[in-house]
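These notes concern the structure reproduced below.
Derivation of every value follows stated rules applied to the coordinates shown; laboratory data play no part. Because the structure is predicted, anything quoted here is derived from the model rather than measured. All Cβ positions, even for glycine, are placed from backbone atoms using ideal geometry, and neighbour counts span all protein chains on display.
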Amino acid sequence: MKPKTIKITYWIITGLFLAAMLMDAIGGITHQQAGVDNITHLGYPVYILTMMGTAKILGVIAILQTKYIAIKEWAYSGFAISFIGGFWSRMAMADPIELVLPPVVMLVYMLVSYYFWKQFERLKVAPVS
């Protein structure tokens, strides 16, 4: 893949992913009714929406910044843990497949963003021929 294609693909995928996480975070912090209904169905306290929403906003900021690589890695890890936890919570409640799959889809989407980020980082350090 050409360097320009990698860069554009990374920013498009990552931008869409981060927009989704930001919208989810705002919904959690503002305790949107759908989120409250879902979280109580899963057996979690409602205040976890505020905690997770705040963590997601910080994760979005961490992924957007380009200076601290370790912080970005931790943000990707945090999102992965959140999606895996969402999947297992839905499985534990024996929810239908249409509720079990969204965290898996978002995990895959996040992993594609992560993959292209790593490709993009390699371009920065690779010697130009």
Per-residue HN-Hα couplings for segment 4-17 [Karplus 6.51, -1.76, 1.60; θ = phi - 60°; Hz; x = Gly/Pro] | 5, 5, 4, 4, 5, 4, 4, 5, 5, 4, 5, x, 5, 4
Any idea how many Lys pairs in the chain come in under 22 angstrom at the alpha carbon, given 8 or more places apart or on separate chains?
-> 17
Which whole-Hz ³J(HN,Hα) couplings does segment 100-112 yield from phi under the Karplus relation 6.51 cos²θ - 1.76 cosθ + 1.60, θ = phi - 60°, glycine and proline marked x?
-> 7, 6, x, x, 5, 4, 5, 4, 4, 4, 5, 5, 5
Sort 60, 104 so that the residue with the fewest other Cβ atoms within 10 Å of its own Cβ comes first and the one with the most comes last.
-> 104, 60
What is the order of 40, 9, 14, fewest Cβ neighbours within 10 Å to most?
-> 40, 9, 14
DSSP-assigned coil residues among trypsin sites (Lys or Arg not before Pro) in segment 43-107, each with at most 14 further Cβ atoms within 10 Å | 67
For residue 65 and residue 112, calculate 0.36 nm times their separation in residues minus their Cα-Cα distance, and state this gained length in nm to one decimal.
-> 15.1 nm
